[in-house]
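Submitted below is the structure of interest, expressed as structure tokens.
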Amino acid sequence: MRVIHTVAELRQALQGERTTTFVPTMGNLHDGHLSLVRQAKGFSGPVVASIFVNRLQFAPHEDFDTYPRTLAQDCARLAPAGCDLVFAPSERELYPQPQGVKVVPPPELADILEGAFRPGFFTGVCTVVAKLFAIVQPAVAVFGQKDYQQLMVIRQMTAQLALPIRIEAGPTARADDGLALSSRNGYLSADERAEAPALARALQGLAAAVRAGGLQDLSALEAEAQQSLTARGWQPDYLTVRRRADLQPPTSPAEPLVALGAARLGRTRLIDNLEF
Ligand code: PAF
């Protein structure tokens, strides 16, 4: 497995290659990332993973400075998972000038849910992903379904910019107790880690309540789910049921639905979702 730090070297290494499968990451890899790499291995062509902590998608009060940078450890895990090439540019390499050109996703999808609590987040994500797509020029890119809204935003960006890239979703990897794997789980204390699966359970409860009772009392069910977490010491941003098609509030229980949640446990903000 090669590790490449510059755009020029990467272009050279992938010259003429039309079947690359790409797994973009911010590093600090866990088994969920490795499952995306293994999924990528199932397509033909080389697998390229990027490791880049993208300043553009962090608000000033967020954890950009403290986000774990663990390149050697990440590479040691990527090679046995089947990754062929790691692209790990410096900030100066990816953003040699202040990034004035940005990719702004549509507000009806990007300014709700995560975007409402993290303004500018999806513009930061789209800008770096579009730039990485331009550099790697993959045929396929694999994104985790744990970041449900991000996956939808990337799909829409790719479609609307007519990028010739197939976007594949990787199922959420979970610990035995149901906690969705996330790089930020590493911030949890032992007590918080024991409590953390309550977010997935709250979403399961919300989905079960909607399945049983329909959408009539949806706001009350959502408020109840949030209160159940608040009572356990969480600070929820949202626990909600949306249409899978566009993440808008559902109008019929016959529509494919997804329960989405984001909540803070101590200093750690966790997100999760459940299609039902
Ligand atoms: O999901 C992530 O790790 C990041 O948002 C991504 C897609 C690598 C862009 O920085």
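Give, as a single signed number, the net charge of other residues whose beta carbon lies under 12 Å from the beta carbon of Arg77, with Lys and Arg counted +1 and Asp and Glu -1.
My count for the surroundings of Arg77 gives -1.
Only four residue types carry charge here, +1 at the Cβ of Lys and Arg and -1 at the Cβ of Asp and Glu. Report the dipole size of the stretch 1-73 about the Cα centre in Debye, rounded to the nearest 20.
Magnitude of the dipole: close to 320 debye.
Using every alpha carbon pair in the stretch 146-202, what percent of pairs falls into each 10 Å bin from 0 up to the bin containing the largest distance?
Reading upward from the zero bin: 20, 38, 23, 16, 3.
Output the 0 to 90 degree angle, nearest 10, between the alpha-carbon long axis of helix 218-231 and the longest principal axis computed from the alpha carbons of the chain.
Taking Cα atoms only, the helix is inclined about 80 degrees.
Under a straight-distance cross-link criterion of Cα-Cα below 19 Å, which lysines are reachable from Lys41, leaving out those fewer than 8 residues away in the same chain?
Result set, ordered by chain and number: empty.
Toward the positive end of the charge dipole of the stretch 38-146, about the Cα centre and with charges on Cβ (Lys, Arg +1; Asp, Glu -1), which of Gly144, Leu85, Phe58 goes farthest?
Leu85
Averaged per residue, what accessible area in Å² does the stretch 163-265 show with a 1.4 Å probe, protein chains only?
48 Å²
Related question: First check a/c for the stretch 49-132, with a ≥ b ≥ c the square roots of the eigenvalues of its C-alpha gyration tensor; if it is under 1.5, answer rounded, and if not, answer prolate when a/b is larger than b/c or oblate otherwise.
Prolate, because a/c is 1.5 or more and a/b exceeds b/c.
Taking the dipole about the Cα centre of the stretch 190-276, with the C-beta of Lys and Arg at +1 and of Asp and Glu at -1, give me whichever of Gln235, Ala208, Gly266 is farthest to the positive side.
Gly266
With no solvent and one equal point scatterer placed on each C-alpha of the stretch 119-276, evaluate the Debye formula and give log10 I(q)/I(0) for q = 0.13 Å⁻¹, two decimals.
Treating every Cα as an identical point scatterer, log10 I(q)/I(0) equals -0.68.
Per DSSP H run of n ≥ 4, the term is -39500 (n - 2.57); total these for the chain, divide by its residue number, and report the mean residue ellipticity at 222 nm rounded to 500 deg cm²/dmol.
When only DSSP H runs of four or more count, the value is -11000 deg cm²/dmol.
How many angstrom separate the Cα center of the stretch 243-270 from the Cα center of the stretch 144-169?
About 18 Å separates the Cα centre of the stretch 243-270 from the one of the stretch 144-169.
Could I ask something else about it? Classify the stretch 87-187 as rounded, prolate or oblate, taking a ≥ b ≥ c as the square roots of the eigenvalues of its Cα gyration tensor: rounded when a/c is under 1.5, otherwise prolate if a/b is larger than b/c and oblate if not.
Judged from the Cα gyration tensor, the stretch 87-187 comes out rounded (a/c under 1.5).
Quick one: which of 147-158, 114-125 comes out on top by average Cβ neighbours within 10 Å, and what's the full order, highest first?
Top to bottom by mean Cβ count within 10 Å: 147-158, 114-125.
Ok, one more. His30: accessible area at probe 1.4 Å, nearest 10 Å²?
The accessible area of His30 comes to roughly 40 Å².
Sticking with this structure for a sec: For the chain, set up a GNM with springs between Cα atoms under 10 Å and report which of Asp63, Asp176, Asp74 has the largest fluctuation.
Asp176
Which of the three applies to the chain, rounded, prolate or oblate, going by the alpha-carbon gyration tensor with a ≥ b ≥ c and a/c under 1.5 meaning rounded?
Verdict is prolate for the chain.
Then there's this: Over the Cα atoms of the stretch 1-117, how large are the radius of gyration and the largest Cα-Cα distance (Dmax), in Å?
For the stretch 1-117, the Cα radius of gyration and maximum Cα-Cα distance read 15.6, 42 Å.
Rounded to whole Å, give me the distance from the Cα center of the stretch 206-233 to that of the stretch 1-52.
Each part's Cα centre sits 40 Å from the other's.
Which residues' amide hydrogens lie under 5 Å from the amide hydrogen of Phe276, considering only partners 5 or more residues apart or on another chain, with H built in the peptide plane?
Sorted by chain and number, the residues that satisfy this are Leu257, Val258, Ala259.
The values are calculated or read from the model by the stated rules, or taken from the named source; none is laboratory data. Keep in mind that what you see is a predicted model, and the values were worked out from it rather than measured. Positions of Cβ are backbone-derived with ideal geometry, glycine not excepted, and every protein chain shown enters the neighbour counts. For the accessible areas, the whole protein counts, side chains as well, though only heavy atoms, and no ligand, DNA or RNA atoms are used. Shrake-Rupley method; radii C 1.70, N 1.55, O 1.52, S 1.80 Å.
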